[in-house]
1. Among the residues of segment 28-53, which ones are in a helix (DSSP H, G or I) and touching a residue at least 24 places away in the same chain (Cβ under 8 Å)?
2. Hey, could you check segment 146-159 for residues that are among the basic types (Lys, Arg) and surrounded by fewer than 17 Cβ atoms within 10 Å (Cβ to Cβ) and say which is nearest to residue 85 (Cα to Cα)?
3. Within segment 30-89, take every residue that is open to solvent by 70 Å² or more (accessible area, probe 1.4 Å) and touching a Pro at 6+ places or on another chain (Cβ under 9 Å) and give me the one that is nearest to residue 139 (Cα to Cα).
4. Considering only segment 165-178, state which residues are surrounded by fewer than 10 Cβ atoms within 10 Å (Cβ to Cβ) and over 17 Å from residue 155 (Cα atoms).
5. Every residue in segment 91-104 that is surrounded by fewer than 21 Cβ atoms within 10 Å (Cβ to Cβ) and either closer than 19 Å to residue 179 by Cβ or among the hydroxyl-bearing types (Ser, Thr, Tyr) (or both), please.
6. Need the failing condition index for residue 61 against (1) more than 17 Å from residue 161 (Cα to Cα); (2) at pLDDT 90 or above; (3) not charged (D, E, K, R), just the number.
7. Quick one: residue 84 ticks every box in (1) free of Cβ contacts under 8 Å to residues at least 24 places away in the same chain; (2) in a helix (DSSP H, G or I) except a single one, so which number is it?
Amino acid sequence: MKTVEPTEPPVKKRRTRKKELPFSVPAYPRPDEQLVEKMSAQIFNGHFFDEYLAALLARASAAVSAEFNEDVTRTGLPILHWRVLATLYDANEMPMSKIAELTLIPLPTLTRLVRRLELAGNVRLDKDPQDRRTTRVHIEPAGREKVGGLVAMAKERQRVLLEGVENAEALKTSLRHLIAFCAARRRRHKVIT
C-alpha cells in the first residue's frame, strides 16, 4: 500500500503589474518666468508667514515634493517606503536611528515600515556587531531596483528646478549649514541640561 505524504496547500502569489515610469516625457517642465513672478505676487502678501523661515522652508518642501510624490504614488510605492529606500539607495546600509533622522519618520513607525520592506525582500536587518542594541538596515537588490528609476527622476526634477535658482549650490550649502547649526544647538542644549 502506498502512503501519501500530506502536502501544504500551494501559496498563491499576488500578481502585480509593473507600472511604467514616465521617463519619456520631461520630468519637470519649467514654467515661464512671467508666470512665476505672477504667482509670487499672488502667494506672498507681506504677512508674517511670508517672512518666517520655518514656514518658508516647510512651504518650499511641500511645493517641491508634491508633484514628485504623485509620480511615486502612481508606481504603487508608498511615499514612506520611497523615502527609506531612497535613503539607502547609495548608502547601502545604515542604522535605523539614522534613517529615522534623515527621513523624518518617527522610530516606532519606521520600525514597522522597515519590517514590511524586509518581508517584501527590499531590505535586510542585522544587529550591529559593535553595538547589539543597534539595528542596521541593508538595501537588497530588489529594493534598489524598485527605486532606481525614481532616484533618476528625482535627480532630473531637481536639476530642472534648480535651473531657476540663482546660485543653487550656495542654497544647498546654506540649507546644510542651517540643519547642522540647529543640530549643534540641540546637542549643546542636551549636554547643558
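1. Listed by number, the residues that qualify are 33, 36.
2. So the first thing to find is which residues in segment 146-159 are among the basic types (Lys, Arg), and the list is 146, 155, 157, 159.
Adding the requirement that they be surrounded by fewer than 17 Cβ atoms within 10 Å (Cβ to Cβ) leaves 155, 159.
Working: 155: 15, 159: 21 Å.
Filtering segment 146-159 for residues that are among the basic types (Lys, Arg) and surrounded by fewer than 17 Cβ atoms within 10 Å (Cβ to Cβ), the one nearest to residue 85 (Cα to Cα) comes out as 155.
3. 74
4. Going through segment 165-178, the residues surrounded by fewer than 10 Cβ atoms within 10 Å (Cβ to Cβ) turn out to be 166, 169.
Of everything in segment 165-178, just one residue is surrounded by fewer than 10 Cβ atoms within 10 Å (Cβ to Cβ) and over 17 Å from residue 155 (Cα atoms), namely 166.
5. Here is the first cut: in segment 91-104, the ones surrounded by fewer than 21 Cβ atoms within 10 Å (Cβ to Cβ) are 91-98, 100-104.
Passing the criteria: 91, 94, 95, 97, 98, 100, 101, 102, 103, 104.
6. Looking at each condition in turn, residue 61 falls short on (1).
7. All conditions are met except number (1).
Conditions (1) under 22 Å from residue 82 (Cα atoms); (2) over 22 Å from the mean Cα position of the chain (by Cα), marked per residue:
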{"position": "119", "(1), (2)": "yes, no"}
{"position": "124", "(1), (2)": "yes, no"}
{"position": "127", "(1), (2)": "no, yes"}
{"position": "139", "(1), (2)": "yes, no"}
{"position": "144", "(1), (2)": "yes, no"}
{"position": "161", "(1), (2)": "yes, no"}
{"position": "166", "(1), (2)": "no, yes"}
{"position": "174", "(1), (2)": "no, no"}
{"position": "184", "(1), (2)": "no, yes"}
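The values are calculated or read from the model by the stated rules, or taken from the named source; none is laboratory data. Only a predicted model underlies this, so the values are computations on that prediction, with no experimental measurement involved. For neighbour counting, all protein chains shown are included, and Cβ atoms are generated from backbone atoms with ideal geometry for every residue, glycine included. We work out accessible area using only protein heavy atoms, side chains counted, and drop any ligands, DNA or RNA first. Shrake-Rupley method; radii C 1.70, N 1.55, O 1.52, S 1.80 Å.
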